[in-house]
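Asks: After the structure tokens below, expect a handful of questions from me.
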There are 2 protein chains.
Amino acid sequence: MTLLSDSEIQTKLGELVSWEVRGKELQRTFEFANFVQAIDFVNRLVEPAESAGHHPDLSVSYNKVTVSLTTHDEGGLTAKDFDLARIISAL
Amino acid sequence: MTLLSDSEIQTKLGELVSWEVRGKELQRTFEFANFVQAIDFVNRLVEPAESAGHHPDLSVSYNKVTVSLTTHDEGGLTAKDFDLARIISAL
């Protein structure tokens, strides 16, 4: 995995809906009807995260889940982050 | 529910292990072997949170889960937060 350049990041970001880049993280907040449904979503993340060997940081506040992706080993965003974002968007 | 005074907070905090008060939140970070076990813990929280009608904010970073409790309606810490902290500690 190699770090993406700013222009690569902008291109890949354009292929995603509702994600944004904040510093070295790719972030999106998903909103659900309630806490139970928010946690259901968290559970659906587990299999793809484990398969990719790549684990988003998650922040849950009642019915909202913020997913933050970055490639810690590289110190920034790589294709791995965008690949997992695409999968998570489709959950 | 009424807001706890500082001395009530200190007394109740003394009855808990490894929790700390940060601003208006009661917080503890739980550490697990990996992401899957961290999410298992998140799942174990759901039933007690739903039963109490009280939902902690959660922050998951790979094998760590930070649980933050506060009573938003009262704008600070109440007995409800300490009651749920005690239950979560025993999960």
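Asks: Please go through the residue pairs A:24/A:80; A:12/B:64; A:64/B:12; A:12/A:64 and name each one whose alpha carbons sit more than 20 Å apart in this structure.
Replies: On the way: A:24/A:80 13 Å; A:12/B:64 29 Å; A:64/B:12 29 Å; A:12/A:64 24 Å.
Beyond 20 Å between Cα atoms: A:12/B:64; A:64/B:12; A:12/A:64.
Asks: Output, in nm with one decimal and in ascending order, the distances from the residue B:36 label point to the matching label points of the other copies (7 Å from Cα along Cα-to-Cβ).
Replies: Label-point separations across copies, in nm and ascending: 2.6.
Asks: Which of the listed residues, A:67, A:14, A:33, is farthest toward the dipole's positive end in chain A, when Lys, Arg count +1 and Asp, Glu count -1 at the beta-carbon?
Replies: A:33
Asks: Same structure again: By how many nm would the segment from residue A:33 to residue A:52 grow when fully extended, if each residue of separation counts as 0.36 nm and the alpha-carbon distance is taken off? Provide the component values of the computation, followed by the final result.
Replies: Details: separation 19, 0.36 × 19 = 6.84 nm, distance 2.81 nm.
Going from the current span to full extension adds 4.0 nm.
Asks: I've got another one for you. Heavy atoms only, 1.4 Å probe, whole protein assembly: order A:30, B:35 by accessible area, highest first.
Replies: Details: A:30 20, B:35 0 Å².
Final ranking, largest accessible area leading: A:30, B:35.
Asks: Test of the criteria: in region A:1-54, which GluC sites (Glu not before Pro) are in a DSSP loop and have at most 10 other Cβ atoms within 10 angstrom of their Cβ?
Replies: Details: sites: A:8, A:15, A:20, A:25, A:31, A:50; in loops: A:15.
Listed in order of number, the matching sites are A:15.
Asks: Extension gain residue B:64-residue B:86, at 0.36 nm per residue separation less the Cα-Cα distance, in nm? Each step should come with its number before you reach the end.
Replies: Values: separation 22, 0.36 × 22 = 7.92 nm, distance 1.87 nm.
Using 0.36 nm per residue and subtracting the Cα-Cα distance, I get 6.1 nm.
Asks: Grab the alpha carbons of the protein assembly as shown, take their convex hull, and tell me the volume per residue in Å³.
Replies: Working: hull volume 22.3 nm³, N = 182.
Enclosed volume per residue, from the Cα hull, is 123 Å³.
Asks: Subtract the Cα-Cα distance of residue B:16 and residue B:74 from 0.36 nm times their separation in residues, and report this length gain in nm to one decimal. Don't skip to the end; give the middle numbers.
Replies: Values: separation 58, 0.36 × 58 = 20.88 nm, distance 2.17 nm.
Computed gain between residue B:16 and residue B:74 is 18.7 nm.
Asks: Which net charge results for the neighbourhood of residue B:3, defined as the other residues with beta-carbon distances under 13 angstrom from its beta-carbon, given Lys and Arg at +1 and Asp and Glu at -1?
Replies: Overall, the nearby charge balance is -2.
Asks: Next up: Find the relative contact order for chain B and round it to a whole percent, using C-alpha pairs within less than 8 Å whose residues are 6+ positions apart.
Replies: Details: 125 pairs, mean separation 34.1, N = 91.
For chain B, the relative contact order is 37 percent.
Asks: Ignoring ligands, DNA and RNA and using a 1.4 Å probe, state the total buried accessible area between A and B in Å², rounded to the nearest 100.
Replies: On the way: alone 5350 and 5350 Å², together 9310 Å².
So the buried area, both faces added, is about 1400 Å².
Asks: Cut-off 10 angstrom, C-alpha nodes, Gaussian network model of chain B. Which of B:59, B:51, B:18 fluctuates the most?
Replies: Looking only at B:59, B:51, B:18, the biggest GNM fluctuation is shown by B:51.
Asks: Can you show me the helix-derived [θ] at 222 nm for chain A, built from DSSP H runs with n ≥ 4 at -39,500 (n - 2.57) apiece and divided by the number of residues, rounded to the nearest 500. Write down the numbers at each step before the final one.
Replies: Values: 3 runs with 38 residues, N = 91.
Mean residue ellipticity, 222 nm, calculated: -13000 deg cm²/dmol.
Asks: With the Cα gyration tensor of region A:24-91 in hand, convert its eigenvalues to equivalent ellipsoid semi-axes via √(5λ) and list them largest first in whole Å.
Replies: Working: eigenvalues 90, 30, 17 Å².
So the equivalent ellipsoid measures 21, 12, 9 Å along its semi-axes.
Asks: Moving on to the next point. Using protein chains only and a probe of 1.4 angstrom, how many square angstrom of residue B:9 are accessible, to the nearest 10?
Replies: Accessible surface of residue B:9 is approximately 20 Å².
Asks: Quick check: the distance between the Cα centres of region B:41-91 and region A:6-81, to the nearest angstrom?
Replies: If we compute the Cα centre of each part, the gap is 23 Å.
Asks: Collect residues whose amide H, placed 1.01 Å from N in the peptide plane, falls under 5 Å from the amide H of residue B:30; neighbours closer than 5 in sequence don't count.
Replies: For residue B:30, whose amide H was placed from the backbone, the distant partners under 5 Å are B:65, B:66, B:67.
Asks: Take chain B, connect every pair of alpha-carbon atoms lying under 10 Å apart with a spring to form a Gaussian network, then pick out the residue of B:65, B:42, B:17 with the largest mean-square fluctuation.
Replies: Fluctuation is largest for B:17.
Asks: Taking the Cα centre of the protein assembly as shown as origin, sum charge times position over the Cβ atoms of Lys and Arg (+1) and Asp and Glu (-1), and report the length of that vector in debye to the nearest 20. Intermediate results must be reported in sequence, preceding the final value.
Replies: Values: 16 positive and 28 negative charges, 2 e Å.
The calculated dipole for the protein assembly as shown is roughly 20 debye.
Asks: Hey, which residue of B has the C-beta nearest the axis mapping B onto A, and what's the distance in Å?
Replies: Nearest to the symmetry axis by Cβ: B:59, 2.
The values are calculated or read from the model by the stated rules, or taken from the named source; none is laboratory data. This structure is a prediction, so every number in the text was calculated from the model and none was measured. Glycine gets a Cβ as well: all are built from the backbone with ideal geometry, and neighbour counts include every protein chain shown. All accessible areas refer to the heavy atoms of the entire protein, side chains included, with ligands and DNA or RNA removed. Shrake-Rupley method; radii C 1.70, N 1.55, O 1.52, S 1.80 Å.
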